[in-house]
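Taking it in order: structure first as structure tokens, then the write-up.
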Amino acid sequence: MEFFKVIPEAGWDQRSHDMSFPPSLYSRLHRTIPPEVTLMDINGMKWQVKAVVRESDNQILLDRGWPTFYDAHYLRGSDYLVFRLVNDWTFQVSVFCDCGIEVVDFLSDRSH
């Protein structure tokens, strides 16, 4: 299973908000997703992130730990994130800049 999310443009601080799964995944995952999932980047680094199932509006959110992942990858408005479930609730997360190229050096200025 995989899905993508786009970081909103500047002016909205995604870092301070939960990252939500696409609404259509709620029915597939809400009964089986554990309280914590692992996010793994292209370099093999891993982050434990709290997964919150919110039944009131049928959402699954990444909560505690998400801001740390966000900051570690210097995410920006218009970045695309591709989440791929690889095993045991570990999601490999690929980051693409707005030009479509995958980011592998998160400390770089991303000039292509």
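Consider Ile42 carefully, then state whether it is in a loop (DSSP other than H, G, I, E, B), touching a residue at least 12 places away in the same chain (Cβ under 8 Å) and within 15 Å of the chain's Cα centre (by Cα). Taking the combined requirement at face value, the residue satisfies it.
The set of residues from region 46-63 being of a type in the set (S, T, N, Q), in a loop (DSSP other than H, G, I, E, B) and in contact (Cβ under 8 Å) with a residue 24 or more places away in the chain comprises just one member, Asn58. In this structure, does Trp12 turn out to be surrounded by 13 or more Cβ atoms within 10 Å (Cβ to Cβ) and either modelled with pLDDT of 95 or more or of a type in the set (Phe, Trp, Tyr) (or both)? Judged against the criteria, Trp12 is not a match. So which residues in region 66-110 are over 15 Å from the mean Cα position of the chain (by Cα) and farther than 14 Å from Met40 by Cα? Of everything in region 66-110, those that are over 15 Å from the mean Cα position of the chain (by Cα) and farther than 14 Å from Met40 by Cα turn out to be Asp98, Cys99, Gly100, Ile101, Asp105, Leu107, Ser108, Asp109, Arg110. Looking across region 74-84, just one residue is exposed (fewer than 15 other Cβ atoms within 10 Å of the Cβ) and closer than 17 Å to Phe21 by Cβ, and that is Arg84.
Could you tell me which of the residues Pro23, Pro35 is on the phi < 0 side of the Ramachandran plot, at pLDDT 95 or above and over 14 Å from the mean Cα position of the chain (by Cα)? Step by step, each of Pro23, Pro35 is checked, and only Pro35 is on the phi < 0 side of the Ramachandran plot, at pLDDT 95 or above and over 14 Å from the mean Cα position of the chain (by Cα).
Return yes when Asp71 is loosely packed, with under 14 Cβ neighbours inside 10 Å and within 18 Å of Ile7 (Cα to Cα) and no when it is not.
Yes.
Within region 75-108, work out how many residues are part of a strand (DSSP E or B) and touching a residue at least 60 places away in the same chain (Cβ under 8 Å). Matching residues across region 75-108 total 7. Going through (1) under 16 Å from Lys5 (Cβ atoms); (2) without any contact (Cβ under 8 Å) to a residue 40 or more places away in the chain one by one, His30 falls short only on (1).
The values are calculated or read from the model by the stated rules, or taken from the named source; none is laboratory data. Quantities reported herein were computed from a predicted structural model and do not represent experimental measurements. Every residue, glycine as well, gets a Cβ built from its backbone with ideal geometry; the counts of neighbours run over all protein chains shown.
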